[in-house]
1. Can you pull out every residue in region 301-315 that is out of contact with any Gly (no Cβ under 6 Å at 6 or more places or on another chain) and in a loop (DSSP other than H, G, I, E, B)?
2. Could you figure out which of (1) over 14 Å from A80 (Cα atoms); (2) in contact (Cβ under 8 Å) with a residue 60 or more places away in the chain; (3) surrounded by 21 or more Cβ atoms within 10 Å (Cβ to Cβ) isn't true of S212?
3. Going by what's in this entry, would D338 be described as within 18 Å of the chain's Cα centre (by Cα) and either of a type in the set (D, E) or more than 25 Å from F30 (Cα to Cα) (or both)?
4. Within region 217-244, count every residue that is surrounded by fewer than 17 Cβ atoms within 10 Å (Cβ to Cβ), hydrophobic (A, V, I, L, M, F, W, C) and under 30 Å from F348 (Cα atoms).
5. Yes or no: T256 within 14 Å of the ligand (Cβ to nearest atom), closer than 30 Å to L49 by Cβ, in contact with a Leu (Cβ under 9 Å, 6 or more places away or on another chain) and β-branched (V, I, T)?
Amino acid sequence: MRYRRTAIEIEAPESLGYDSIANNLAESSFADMSLGEYGIDTEVGELLLQYGDHRGDPALREQIAADAEAVAPDRVIVTAGAAPALFIVATALLESGDHVLVQEPNYATNLETPRALAAEVEALPIRYEDGWGLDLDRVRAMLRPQTRLLSITYPHNPTGAMIDAEALIELVGIVEAHPMARLLVDETYRELAYGDPLPVAAGLSTRAISVSSMSKTYGLPGLRIGWLISRDSELDETLLAAKEQILICGSAIDETMAVRILAARGRILPPIRETIAEHLGIVREWIGAQEVFEWVEPQAGVIGLPRFRAPGEYDVDRFYTALLERHGTYVGPGHWFDQPRSSFRLGFGWPATDELRRGLGALLAAAADARL
Ligand SMILES: Cc1ncc(COP(=O)(O)O)c(C=O)c1O
């Protein structure tokens, strides 16, 4: 492995210090929450802190499988967030030189772990000009007989792009036509769909692997609960072996809390979705009322990737410096995603409503400061 820290981790708001940011529009999750705010019973005094089930608490796996058609609880492997699940999948499937097709831009780990394994990582680009759409014919053309993995993320980070269930089913078919290939779908934002969520990909095919977590939808990244699902029993055994070598089992306390939260999903999710819809409306209105920035409106999730309409008219470095140092506002600059720095990820689900409004005002003020 050739480990390398990525810009998004080095420059993350938590690395900078939350206290140094007044208006945090850099996050990709719903607002960070406490268990108390969700009205969850936090009593664990009697909980025996033994090694748990290596796959994860059976009650938790049941909750996860209940949301995934054709997936049995014994096909779910709980991990400490989606990030280690992605690591496990990449290390279980890829060796040096293996061809892997990864959607780009993307959450950095989806590209970085295959790179760290010295796999041949080919970017499957999606572009602003195409409305961040995924061209399935292009996927067909880029897959090779030896391709080991096609890796996509939906709802998409950092653009908020989405595909429909038909496209997902078509992708599964494309991958199934390639004997060596598997489809990895990073479904970390799945429950943040604006309409019906996509089917859990692992339920559609034994060649598809699903990864998700509780970090983004529930605003609980500190809980460190994620999972991966494969219905291929041989691969499932390998994935479990990887988990056992890294973690043995998960945290009994985290898993117990996760069960309690997912059991209350029906009560917890509607207000989250309402807030997100309201915040999306605020950004939509703001975008429409100014001429400095443009975006493709997100179709799911809590993030989008706006850009300067006329980047040549601004000093982009000065823009980011002014944005943080003069206006206390932080966004995810394009280089976090191997994109031009004249674009940036804007997170509208994490900040409080006033903070979001102030942050949007700050973007225009910093652009004025950076005008050439
Ligand atoms: C698409 C995607 N996958 C996975 C992760 C990892 O999140 P976690 O490990 O907290 O579940 C993130 C975090 O930003 C993400 O955006």
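1. Across region 301-315, the qualifying residues are L305, P306, R309, A310, D315.
2. (1)
3. Answer is yes for this residue.
4. So the count comes out to 0.
5. Answer is no for this residue.
The numbers here are math on the coordinates, done by the rules we state, and not lab data. Computed from a predicted structure; not experimentally measured. Cβ sites come from the backbone with ideal geometry, for glycine too, and all protein chains shown count toward neighbours.
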